Amino acid sequence: MDEFEEILQDFLIEAFELIEQLDQDLVELETRPDDLDLLNRIFRVAHTIKGASSFLNFDVLTHLTHHMENLLNMARHGDLVIDANVMDVILESIDLMKALLVRIRDRGEDSGLDVSGCVARLDAVANGDAAPEPIVEIAVIQEALAVQVNEDEPDYSAMSDAQVEAEIERLLAQKQAEAAAKRSGSNEAVKNEESEPDYANMSDIEVEAEIERLLLEKQAQDAAKRAQKNQNTAPQEPVVPSTPTVVVPSAPQPKVEAVPMVKAAPSAPSPRRSEAKEEGDSKGGGVEQTIRVDVKRLDHLMNLIGELVLGKNRLIKINDDVEERYEGEAFLEELNQVVSIVSLVTTDLQIAVMKTRMLPIGKVFNKFPRMIRDLSRELNKKIELEIAGEETELDKSIVEEIGDPLVHIIRNSCDHGIEVGDVRMAHGKSEVGTIQLKAYHEGNHIVIQIIDDGKGLDADMLKQKSIEKGIITEKEADAMSEKEAFGLIFRPGFSTAAQVTSVSGRGVGMDVVKTNIEKLNGMIDIDSEVGKGTSMKLKIPLTLAIIQALLVGVQEEYYAIPLASVLETVRISKDEIYTVENRSVMRLRDEVLSLVHIGDIFEVERVFDNSEHAYVVVLGLAESKIGLIVDTLIGQEEIVIKSLGEYLKGIEGIAGATIRGDGGVTLIVDVAALMQMAKSVKSTVGIENGETKKLGVKNSSSDYCVMVVDDSKTDRTIMRKSLEPLGITIVEAVDGVEALNILKQGDHFFDAMLIDIEMPRMDGYTLASEIKKYNKYKNLPLIAVTSRAGKADRMRGVESGMVEYITKPYSPEYLMNVVKRNIKFNEGL
Amino acid sequence: MSEKLQQIINRQNQALAGDDQKVDEVIQLVGFIVGEEEFSIPILSIQEIIKPIGWTRVPQIPSYILGVFNLRGSVIPLIDLRARFGLPLQKHTDETRFIVMKNGDDVAGFVIDRLTEAIRMPKRDIGPAPDTISESETMIDGVGKQADRIVTILKVHKLLERNF
């Protein structure tokens, strides 16, 4: 049973592969109906599937393919001209065949689909030119026999004389049989077939004889064919004379030479044999060149590579650290070399494994010629499809996902884009509309472009329509650029076709396109000109498991944004952020970009930051754009996408997690979801907020808070006394460690710190640089209060982040003024 | 001969059955403290126990889930049992541990205040969860009575169940 399963699986894989090619061949066939190669190829598919399905007892499938084969065979022999009507029937039968195969794949049986109608039509078309069916039967039998004959082919060189005698006898008999066959033509073959049932009643000897006879006959026919072929094809001719020399020396009987037909007969085995050898060779070579591998194994391999990439990232990080610490040491050179080799090999390995998962996009493109053909007949338009770059490769998982969106886009182009022939003529275009389907690589992306020369998109019309359908308001429509208007076609519920056809116009298709492309982290770019046509560009990353990401920081958190969605990063000053209807926006060249702070999306607790500048990461996905404000840009890194697991799945805005070089986990931003969330998140971007916060807090002098850090109690008291007149809150710490702990506890929001330099445990410089490591204290004024007055000390103070440097002794007024200035005392009141 | 064989087989069967009984009678638990109370979980549902390491906050989840952490290449959720049981949060101490529990494919780390000991407990000493809590809601599998104390046994699958 297992064996059967195995055979069945092989059969299905093979069948689906064959069918994929079939559609394209068939459409091509319609334009070149007399291309014999093409016909033969198509015939072989039907034949192969028929053979295998009868072996596997799929009667319905066998029945159907049998009749298809029949029809195709007639066409192959020139008994039938393939026109559009015949083609329709053939295509119908192929669809049915696909349906049956799918059924077999899913349920393991082929019953339940009615093929009789289709079979009847096949026969009707076949009988229209009325060629007798048996011919096909013979062809089948012949082929079946051919295999047998091949196996039975005796080895001439190893024969004894007596055997050679016998062989010559056999060849003669064969020759006679052939003559007979010639005489009675196919009738005899039919008779042979009819006599088949009798085999059961025959004695062994009789059966033996019968087999002998059939074999001979078959060989004879083959020989005749070969001879004919040899005569036709010049290159094979030299083989013919050489073959008899194998036979002749061992059996120098003039009789053989005397009969002209015999000459042809012995020549038959030779070419066949050499052909078989060739086949064997190519097959043998083929086995070495390609192996079928379970996708699961590749996935596993990919996962392992992912781990390796993480390890590599970590190694690089450690190397950097070591480099810093042991600068100039000799072993560093060696370590560096090893690290770079490992990272190089890992990258290569990753690419190599990625390549094993790559499939040519032609696998998807193949079904479109057929689709266009059907559509153009259905819609009564003349449409031509031009495909380029079908050899472009991309990851298997993406190939599987990209099919549906493309179907929708192409259907859309046919239905809405390309005009009817008359209209086209009236506009001075050629009657035949063209749709171009192109694929090419662009960096780490694959670009699929669908270009039609139809009527193009009319931005105003799109807006009008959207307003009517309540998708957008008039106000929104006015604010829309042309590109944004094009993007409207991707909104759910939008459809521009005045008439709903079976092809499109239900307003779901393009919506699906957008969702699917976004799922792949892809982008859609539409270009269109009224009257000239539309071009849609789908930009999709090559692989999904390991991606390039931009790492950004907000407060003490880091997030990874897929680089595929990052269009650019800009540094802006806060003045450049405007507020329009409660949304923050900025002007980016000639565009208005809406902004959202990453902290608002991910609920990052933000201690006020009043830095002058902000970094904006411009994200693009499908046709929309948004600016994401972050605190810091860390850099670009190769990351491996890991799932957050069952427990935390489906968190909005998070696509997964990755492990960084330092072993920490960094979350990966789901750009599509983030864009959705940005619409509902209330914005807190802009300086107003920082100010209101400050204004709100500082109602009285005591709301100001200053920390005094000094190990000497006297000094602390002096400072406290100096600042007392201001009425501000003062918190004391005896050394750097304590000060840091007070800060971390977060009980107070400090407006400034007075720091002594000479302290036990942690000195002032170290404290200052520790504090500056925290994002939220970046703008906290640190004032050094010390007896060290040297220039070098001052320099060090500035380096560690101090803003003022007060030397002891000082006057209380001076200290007060410095503090007042730094905490902006009473400025806000 | 066959009689002898039968005897041997019978004896073996008896021995096996006896083993089963013995294994069945005692469960091994690992006890730990959260807040004031001692809890325990079956030792077989523990993947490992580690000292606290850094974790990453994850947005938009209940506050008792601290975030995710990296356990040798796997990203695993970290749940604070104090918060889960509605107790006030406490800073991690030297005794704080992460217990990584698993149930099938579900794995998560749990923050506990400190470990106590491994407990071998006869099954007959384990009583049902108090009736006041509804059967489907409770995280308590049963209550183990020992000479000087009571140990609450938790349902690991319930702890690992996503409930938001």
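Please list 3J(HN,Hα) in residue order for segment B:153-158, calculated via the Karplus relation 6.51 cos²θ - 1.76 cosθ + 1.60 where θ = phi - 60°; whole Hz, with x for glycine and proline.
Ordered by residue, 3J(HN,Hα) equals 9, 9, 7, 5, 5, 6 Hz.
Toward the positive end of the charge dipole of segment A:3-90, about the Cα centre and with charges on Cβ (Lys, Arg +1; Asp, Glu -1), which of A:PHE11, A:PHE43, A:VAL27 goes farthest?
Checked the options; the winner is A:PHE43.
Can you put B:PHE110, A:PHE11, A:PHE55 in order of Cβ neighbours within 10 angstrom, beginning with the fewest?
Going from sparsest to densest Cβ surroundings: A:PHE55, A:PHE11, B:PHE110.
Label-point separation (nm) for A:ARG377 and A:SER811, each offset 7 Å from Cα along Cα-to-Cβ?
In this crude spin-label approximation the distance works out to 10.2 nm.
On C-alpha positions alone, give me the angle between the axis of helix B:2-25 and the longest principal axis of chain B, in degrees, nearest 10.
Helix B:2-25 sits at roughly 30 degrees to that axis.
What is the distance in Å between the Cα centroid of segment A:446-472 and that of segment A:697-732?
Cα centres, segment A:446-472 to segment A:697-732: 65 Å.
In nm, give the distance between the simple-model label positions of A:TYR440 and A:HIS748, each being 7 Å from the Cα along the Cα-to-Cβ direction.
Result: 6.6 nm between the two label points.
Where the only charges are on Cβ atoms (+1 Lys, Arg; -1 Asp, Glu), what is the dipole of segment A:698-823 about its Cα centre, to the nearest 20 debye?
Values: 18 positive and 18 negative charges, 72 e Å.
Magnitude of the dipole: close to 340 debye.
With r as the distance between the Cβ atoms of A:LEU304 and A:GLU646 and R0 = 22 Å, compute the FRET efficiency 1/(1 + (r/R0)^6) and round to 0.05. Show your work: numbers first, answer last.
Details: r = 22 Å, r/R0 = 1.00.
So, using R0 = 22 Å, E works out to roughly 0.50.
Tell me, in nm to one decimal, what length is gained between A:GLU14 and A:ASN582 on full extension, where the rule is 0.36 nm per residue of separation less the Cα-Cα distance? Don't skip to the answer; put the middle values down first.
Working: separation 568, 0.36 × 568 = 204.48 nm, distance 5.97 nm.
This chain segment gains 198.5 nm when fully extended.
Residues of segment B:105-129 with backbone nitrogen within less than 13 Å of a virtual label 7 Å along the Cα-to-Cβ line of B:VAL143, please, listed as ranges.
The answer is B:126-129, whose backbone nitrogens lie closer than 13 Å to the label point.
Can you give the average number of partner chain beta-carbon atoms within 10 Å of each beta-carbon in peptide A:596-603, as a whole number?
Values: counts 0, 0, 0, 1, 0, 2, 4, 4.
Average per residue, whole number: 1.
Among A:LEU61, A:LEU29, A:LEU754, A:LEU633, which comes first, then next, by fewest other beta-carbon atoms within 10 Å?
So the ranking, lowest neighbour count to highest, is A:LEU633, A:LEU29, A:LEU61, A:LEU754.
Taking the Cα centre of segment B:21-117 as origin and charging only Cβ (+1 Lys, Arg; -1 Asp, Glu), how large is the dipole, in debye to the nearest 20?
On the way: 10 positive and 13 negative charges, 93 e Å.
Dipole about the Cα centre, nearest 20: 440 debye.
Each residue of segment A:62-78 in order: what ³J(HN,Hα) in whole Hz does its phi give by Karplus 6.51 cos²θ - 1.76 cosθ + 1.60, θ = phi - 60°, with x for Gly and Pro?
4, 4, 5, 5, 4, 6, 5, 4, 3, 5, 5, 5, 4, 4, 5, 8, x
Once amide H atoms are placed 1.01 Å from N in the peptide plane, what residues at a sequence separation of 5 or more from A:LEU394, or on another chain, have their amide H within under 5 Å of its amide H?
A:LEU359, A:ILE361
Which net charge results when you count Lys and Arg as +1 and Asp and Glu as -1 among the other residues whose beta-carbon is under 13 Å from that of A:ILE517? Please report the intermediate quantities before stating the final value.
Working: positive: A:LYS514, A:LYS519, A:LYS537, A:LYS539; negative: A:GLU401, A:ASP404, A:ASP511, A:GLU518, A:ASP525, A:GLU623.
Spelling it out: positives minus negatives among the neighbours equals -2.
Can you compute 3J(HN,Hα) from phi for each residue in segment A:369-376, using the Karplus curve 6.51 cos²θ - 1.76 cosθ + 1.60 with θ = phi - 60°, rounded to whole Hz and x for Gly and Pro?
x, 4, 5, 4, 4, 4, 5, 5
For a footprinting-style exposure proxy, rank A:CYS705, A:CYS414 by other Cβ within 10 Å, fewest first.
So the ranking, lowest neighbour count to highest, is A:CYS705, A:CYS414.
Report, by chain and number, residues whose modeled amide H sits under 5 Å from the one on A:ILE806, excluding near sequence neighbours (fewer than 5 apart, same chain).
Those lying under 5 Å, H to H, from A:ILE806 are A:ALA784, A:VAL785, A:THR786.
Amide H to amide H, which residues 5 or more places from A:ILE654 or on other chains are under 5 Å from it, using H placed in the peptide plane?
Counting only residues 5 or more places away or on other chains, the set is A:ASP670.
Taking only C-alpha pairs under 8 Å that are 6+ residues apart, what is the relative contact order of segment B:26-164 in percent?
Working: 268 pairs, mean separation 39.3, N = 139.
So the answer I get is 28 percent.
A:ASN85 versus A:ARG105, label points 7 Å from Cα toward the beta carbon: distance in nm?
In this crude spin-label approximation the distance works out to 3.4 nm.
Mind checking which of B:ILE53, B:ILE119, B:ILE150 is farthest towards the positive end of segment B:26-159's charge dipole, using Cβ charges of +1 (Lys, Arg) and -1 (Asp, Glu) about the Cα centre?
B:ILE53
Can you give the helix-only mean residue ellipticity at 222 nm for chain B, where every DSSP H stretch with n ≥ 4 adds -39500 (n - 2.57) and the sum goes over all residues, rounded to the nearest 500 deg cm²/dmol? Don't skip to the end; give the middle numbers.
Values: 3 runs with 32 residues, N = 164.
Helices in chain B give a 222 nm mean residue ellipticity of -6000 deg cm²/dmol.
With r defined as the distance between the Cβ atoms of A:GLU568 and B:VAL26 and R0 fixed at 51 Å, what FRET efficiency is calculated, to the nearest 0.05? Before the final figure, lay out each step's value.
On the way: r = 66 Å, r/R0 = 1.29.
Once rounded, the FRET efficiency stands at 0.20.
In the structure displayed, which of A:LYS713/A:LYS773; A:LYS514/A:LYS539; A:LYS519/A:LYS539; A:LYS721/A:LYS808; A:LYS649/B:LYS155; A:LYS396/A:LYS537 lie more than 18 Å apart, Cα to Cα? Don't skip to the end; give the middle numbers.
Working: A:LYS713/A:LYS773 28 Å; A:LYS514/A:LYS539 12 Å; A:LYS519/A:LYS539 12 Å; A:LYS721/A:LYS808 15 Å; A:LYS649/B:LYS155 22 Å; A:LYS396/A:LYS537 20 Å.
Violating the 18 Å limit, Cα to Cα: A:LYS713/A:LYS773; A:LYS649/B:LYS155; A:LYS396/A:LYS537.
What does the structure give for B:54-65 when I average, per residue, the other chain Cβ atoms found within 10 Å of the residue Cβ? Mind dumping the intermediate values first?
Values: counts 4, 2, 10, 8, 8, 12, 10, 6, 0, 0, 0, 2.
If you average over the peptide's residues, the count of other-chain Cβ atoms is 5.
Laboratory data are not the source of any read-out in this text; all were calculated from the coordinates shown. Values in this document were obtained by computation on a predicted structure and should not be read as measured data. Virtual Cβ from ideal backbone geometry, glycine too; neighbours counted across all protein chains shown.
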